[in-house]
Amino acid sequence: MIKLSSVLLVDDDQLTNDLNQRLLQELGVADQYLSANDGEQAFAALEELALEANPTSPVLVLLDVKMPGMDGMAFVEAYQRLPPAQQQAVVIVMHTAYMSSHDLGRIESLPIAGLVSKPLTKEKLDTILKLHFQRRFPLT
């Protein structure tokens, strides 16, 4: 599988970030893994990553919906203010353990690639890679 340039894991639960990073590393998904525990920290990291990313070397952002401070939806609103070329090199997939119908309605209007339930699994990750990056890894 051709690797992604970077994956940015954003969750206020550090254990979730650690488990997701371990899974991604075991599967060899990317060259670089970064994590952030809040939206502000994540957006600062994304601004740096997006400068070097391009559509052939994309960045995957796995973004928690509910976080204190800048939540996932506010993060996406900030992302929309990036230059279009930087936005095109970023694929955002939101992840959550619980979703209210109100939140789901808000998410449907955002420019994200998708929504996946927690926990992240090899099968869910394979689907994300196939749908948004035309890449896959062998499932054993």
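Annotations for the structure displayed:
- Residue within segment 17-26 that is within 19 Å of LYS130 (Cβ to Cβ) and in contact with a helix residue (DSSP H, G or I) (Cβ under 8 Å, 6 or more places away or on another chain) present: yes
- Checking each residue in segment 94-125 for being of a type in the set (A, V, I, L, M) and either modelled with pLDDT of 80 or more or assigned to a strand (DSSP E or B) (or both) picks out MET94, ALA97, LEU110, ILE112, ALA113, LEU115, VAL116, LEU120, LEU125.
Table: residues versus (1) over 13 Å from the mean Cα position of the chain (by Cα); (2) acidic (Asp, Glu); (3) closer than 23 Å to LYS130 by Cα.
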| position | (1), (2), (3) |
| --- | --- |
| ALA53 | yes, no, yes |
| ASP64 | no, yes, yes |
| ALA74 | yes, no, no |
| PRO84 | yes, no, no |
| VAL91 | no, no, yes |
| PRO111 | no, no, yes |
| SER117 | no, no, yes |
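- Enumeration of residues in segment 42-53 that are assigned to a helix (DSSP H, G or I) and buried (at least 16 other Cβ atoms within 10 Å of the Cβ): ALA42, PHE43, ALA45, LEU46, LEU49, ALA50
- Test: residue in segment 57-69 that is modelled with pLDDT under 90 and within 22 Å of LEU4 (Cβ to Cβ): yes
- Taking the criterion of being in a helix (DSSP H, G or I), surrounded by fewer than 17 Cβ atoms within 10 Å (Cβ to Cβ) and free of Cβ contacts under 8 Å to residues at least 60 places away in the same chain, the residues of segment 1-40 that qualify are GLN14, LEU15, ASP18, ARG22, GLN25, GLU26, GLU40.
- Checking TYR79 against (1) in contact with a strand residue (DSSP E or B) (Cβ under 6 Å, 6 or more places away or on another chain); (2) buried (at least 19 other Cβ atoms within 10 Å of the Cβ), the condition it does not meet: (1)
The values are calculated or read from the model by the stated rules, or taken from the named source; none is laboratory data. From a predicted model like this one, the values you see are computed outputs, not experimental measurements. All Cβ positions, glycine included, derive from the backbone under ideal geometry; neighbour counts span all protein chains shown.
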